[in-house]
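Engineer: What follows is a structure written as structure tokens; I'll ask about it next.
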Amino acid sequence: MQKYRGLTHIIKATGYSLQGLKWALTETAFRHELLLCLIGIPLACWLADSPIEMALMIGSLLLILVAELLNSAIESVVDLVSPHYHPLAGRAKDLGSASVLVCMLICVVVWAIILLK
């Protein structure tokens, strides 16, 4: 595999990232969470009393997308390794899903602390 440097590396890496986002859009959960962000980010801009609050509210929403992307990556690799069920494969998928849940809980806590102060 050829290694790229400089501007070519940045362009190639951006292309790979955009391809990943394109794949993510085929996932129902990612589309739901993206919709949450499309609603939540403008809402955070309106409800936040300071730039710090806004950053925390928006960051907690984006964290959900990050976790979902990583969860989808884990699921893809597990499915590639074997189409058959294995307890460790199930554990890997469950742990990836749990990471999304924890990020959602973080988001709820951040928003609750800021809005209920």
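Engineer: Which of L105, L43, L18 moves the most in a Gaussian network model of the chain with Cα springs under 10 Å?
Structural biologist: Sorting by GNM fluctuation, first place goes to L18.
Engineer: So what is the relative contact order of the chain, in percent, for Cα pairs below 8 Å that sit 6 or more residues apart? Intermediate values should be presented prior to the final figure.
Structural biologist: Details: 71 pairs, mean separation 29.2, N = 117.
Relative contact order, the chain: 25 percent.
Engineer: Hey, got the dipole for the chain? About the Cα centre, +1 on K and R Cβ, -1 on D and E Cβ, debye to the nearest 20?
Structural biologist: The dipole of the chain has a size of about 440 debye.
Engineer: Output ³J(HN,Hα) for region 59-70: one whole-Hz value per residue in order, computed from phi by the Karplus curve 6.51 cos²θ - 1.76 cosθ + 1.60 with θ = phi - 60°, and x for Gly and Pro.
Structural biologist: Per-residue couplings from phi come out as x, 5, 5, 5, 4, 4, 5, 4, 5, 5, 4, 5 Hz.
Engineer: Along the charge dipole of the chain, pointing to its positive end and built from +1/-1 on Cβ of Lys, Arg, Asp and Glu, which listed residue (G15, L47, V66) has its Cα farthest out?
Structural biologist: G15
Engineer: Cα-Cα pairs above 13 Å in region 49-99: how many percent?
Structural biologist: So the portion of pairs separated by more than 13 Å is 62 percent.
Engineer: Where is the GNM fluctuation largest for the chain (alpha-carbon springs, 10 angstrom cutoff): S72, S50, S97?
Structural biologist: Of S72, S50, S97, the most mobile in the Gaussian network model is S50.
Engineer: OK, next. Restricting to lysines 8 or more places apart or on different chains, can you count the pairs in the chain with Cα atoms under 29 Å from each other?
Structural biologist: 4
Engineer: A further question follows. FRET efficiency for K12 and D79, Cβ-Cβ distance as r, R0 = 25 Å, nearest 0.05? Provide the component values of the computation, followed by the final result.
Structural biologist: On the way: r = 26 Å, r/R0 = 1.03.
That gives a FRET efficiency of 0.45.
Engineer: In the Gaussian network model of the chain, springs joining C-alpha atoms below 10 Å, which of V81, V102, V66 carries the largest mean-square fluctuation?
Structural biologist: Taking springs between Cα atoms under 10 Å, the residue moving most is V81.
Engineer: So between L47 and L116, what do we pick up on full extension, going 0.36 nm a residue minus the alpha carbon distance? Don't jump to the answer; show the numbers that get you there.
Structural biologist: On the way: separation 69, 0.36 × 69 = 24.84 nm, distance 1.14 nm.
Extra length from L47 to L116 when fully extended: 23.7 nm.
Engineer: At 222 nm, what helix-only mean residue ellipticity would the chain give, in deg cm²/dmol to the nearest 500, using -39500 (n - 2.57) for each DSSP H run of four or more?
Structural biologist: -30000 deg cm²/dmol
Engineer: May I pose another question? Tell me which label goes with the value of P(r) over Cα pairs in 10 Å bins from 0, in percent computed from the coordinates here: (i) 13, 32, 29, 20, 5, 0; (ii) 13, 43, 33, 11, 0; (iii) 15, 49, 29, 7, 0.
Structural biologist: Matching entry in (i) 13, 32, 29, 20, 5, 0; (ii) 13, 43, 33, 11, 0; (iii) 15, 49, 29, 7, 0: (i).
Engineer: Separate question: Tell me which of L115, M1, C103 sits at the most positive position along the dipole axis of the chain, charges placed on C-beta atoms (Lys, Arg +1; Asp, Glu -1).
Structural biologist: So the residue furthest toward the plus end is M1.
Engineer: For the chain, find the longest principal axis of its Cα atoms and tell me its angle to the long axis of helix 87-115, 0 to 90°, nearest 10.
Structural biologist: Roughly 20 degrees, rounded to the nearest 10.
Engineer: What ranking, highest mean first, results for peptides 2-13, 19-30 when packing means the other Cβ atoms within 10 Å averaged over each residue? Walk me through the intermediate numbers first.
Structural biologist: Values: 2-13: 9.5, 19-30: 12.9.
Final packing ranking: 19-30, 2-13.
Every number in this text was worked out from the coordinates using simple rules, so none of it is lab data. What you are looking at is a predicted structure, and each value in this text was computed from that prediction instead of being measured. Counting neighbours? That spans all protein chains shown, and the Cβs are built from the backbone with ideal geometry, glycine included.
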